[in-house]
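Each remark here refers to the structure printed beneath this line.
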Amino acid sequence: MRTIGVVTTSRADWGIYRPLLKAIQGEPGLELRLIVSGMHLAPEFGLTMRQIEQEGWPVAAKVEMLLSSDSPEGVAKSMGLGVMGFAQALAQINPDLLVILGDRFEMLSAAVAALPLGLPLAHLHGGELTLGAMDDAARHAMTKLSHLHFVSTREYARRVVQMGEEPWRVTVCGALSLDNLEGMELLDLSALGQELDLNLDPAPLLVTYHPVTREPGQGPAQMAELLAALEQAGRQAVFTLPNADAGGRELASMVRSFTSDHPWAAIRDNLGTQKYFSLMKHAAAMVGNSSSGIIEAPSFGLPVVNVGARQAGRVRGANVVDVGCGRREIQAGIAQALEPSFRQGLAGVPNPYGDGGAAGRVVTALKQAKLGAGLTTKRFADQLWPADAS
């Protein structure tokens, strides 16, 4: 029996992971070891650990790591606590392979802890760019610490190889989150409105804005501009809250204050995959800087107003309208996204991140990977400089 450890740290990666976890559980010869950490264990982020337990997933370990401070120093200290906590958990569980996802600092702590333990790492969503966030550096660091790479597009595969990774280690599998669309029954407008306790007619804006960590100290001013633009949009807005990045708590406080003063704006935490995707189906547009606007929204033909630099560098579909952080630019972007002709033009446009089936590709590779020194001993695959090629 090959044991597969999987690290989950937030509601965002949990929604992505679920198809993979089901595929691991359903595959003869594989045994799941789930490690829960980060925002899942924090009451201020909804204590989403309870959702995992309610769904019946067996949890092998819990790693407490988040401090109450989200200052840059606080984040760095949380990373240190994470390395210590993951080291203890991984030494006890000792999985044959450890799966990590994305670019969060909590995930980086798990990867660092696995290094001296000699655990082979399988990394999902490497090779991508988010130039406005420190997550960009964390993602690339995890690529170099990892031994198997499951990337969402061919462009990202080329980038991973460009970083010196051997091509045989890289699998183009598409975006795992899109597997959720296969067989998931989305709620109709009436049922979704009842679930959220909201009147969703006319269709609302779905809004999420995270700190741009490469622009420290600018978050409150950027959020103020976004809220001012939404105030002028004349459309109901449903907010999800920022994550645990440096400065995220202050932005969350601004959103709570805004929604308390504006009856047409609401916050809904911990929507879960079904309700979140259902809201994407029925929303008029997305506004903010969430990666879901880049990766999942194209599958719904959903217009997205992508604000600022956080997602700069990612492959994007025709549904994305990129704007700056000023209120006038955001207002213009919202107006463009709400034009009926814009949405009509998205009908049938393919999602650059694929159309599902990623979980099966990942599980096949995890099961077939040959464990041992051939996997964990990495060589650097040198790429020619243009001058060398001549």
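A few comments on the model shown:
- The set of residues from the range 127-145 being of a type outside the set (Ser, Thr, Tyr) and either surrounded by 24 or more Cβ atoms within 10 Å (Cβ to Cβ) or in contact (Cβ under 8 Å) with a residue 60 or more places away in the chain (or both) comprises 127, 128, 129, 131, 132, 133, 134, 135, 136, 142.
- Screening 226, 206, 178 for residues that are over 30 Å from residue 362 (Cβ atoms), outside any loop (DSSP other than H, G, I, E, B) and in contact (Cβ under 8 Å) with a residue 60 or more places away in the chain leaves exactly one candidate, 226.
- Output for the range 277-316, where each listed residue is surrounded by 22 or more Cβ atoms within 10 Å (Cβ to Cβ), within 14 Å of the chain's Cα centre (by Cα) and hydroxyl-bearing (Ser, Thr, Tyr): 290, 291
- Complete set of residues in the range 182-203 that are acidic (Asp, Glu) and either touching a helix residue (DSSP H, G or I) at 6+ places or on another chain (Cβ under 7 Å) or closer than 25 Å to residue 337 by Cβ (or both): 188, 195, 201
- Matching strands (runs of 3 or more DSSP E) fully within the range 1-115 where at least 2 residues are under 21 Å from residue 126 (Cα atoms): 2-8, 30-37, 97-101
- Across the range 316-325, the number of residues qualifying as in a loop (DSSP other than H, G, I, E, B) and touching an Asp or Glu at 6+ places or on another chain (Cβ under 6 Å) comes to 1.
- Output for the range 222-243, where each listed residue is under 30 Å from residue 106 (Cβ atoms) and open to solvent by 40 Å² or more (accessible area, probe 1.4 Å): 224, 225
- Picking from residues in the range 345-390 that are in contact with an Asp or Glu (Cβ under 8 Å, 6 or more places away or on another chain) and part of a helix (DSSP H, G or I), the one that is nearest to residue 30 (Cα to Cα) is 367.
- Count of residues meeting criterion [in contact with a Lys or Arg (Cβ under 9 Å, 6 or more places away or on another chain) and more than 30 Å from residue 20 (Cα to Cα)] in the range 333-359: 3
- A single member of 80, 74 is closer than 23 Å to residue 243 by Cα and without any contact (Cβ under 8 Å) to a residue 40 or more places away in the chain, and it is 80.
- The range 317-367, subset of a type in the set (Asp, Glu) and surrounded by 15 or more Cβ atoms within 10 Å (Cβ to Cβ), residue farthest from residue 14 (Cα to Cα): 329
- Checking 124, 148 one by one, the residue that is over 21 Å from residue 317 (Cβ atoms) and in contact (Cβ under 8 Å) with a residue 60 or more places away in the chain is 148 and no other.
- Condition check for residue 299: touching a strand residue (DSSP E or B) at 6+ places or on another chain (Cβ under 9 Å) and over 18 Å from residue 339 (Cα atoms): no
- Among all positions in the range 54-66, there is at least one residue which is touching a strand residue (DSSP E or B) at 6+ places or on another chain (Cβ under 8 Å), at pLDDT below 95 and either over 30 Å from residue 217 (Cα atoms) or surrounded by 23 or more Cβ atoms within 10 Å (Cβ to Cβ) (or both).
The values are calculated or read from the model by the stated rules, or taken from the named source; none is laboratory data. None of these values were measured; they are calculated from a predicted model. Quick reminder, even Gly has a Cβ in these numbers, built from the backbone with ideal geometry, and neighbours come from all protein chains shown. Please note that ligands, DNA and RNA were not included when accessible areas were found on the heavy atoms of the full protein model with its side chains. Shrake-Rupley method; radii C 1.70, N 1.55, O 1.52, S 1.80 Å.
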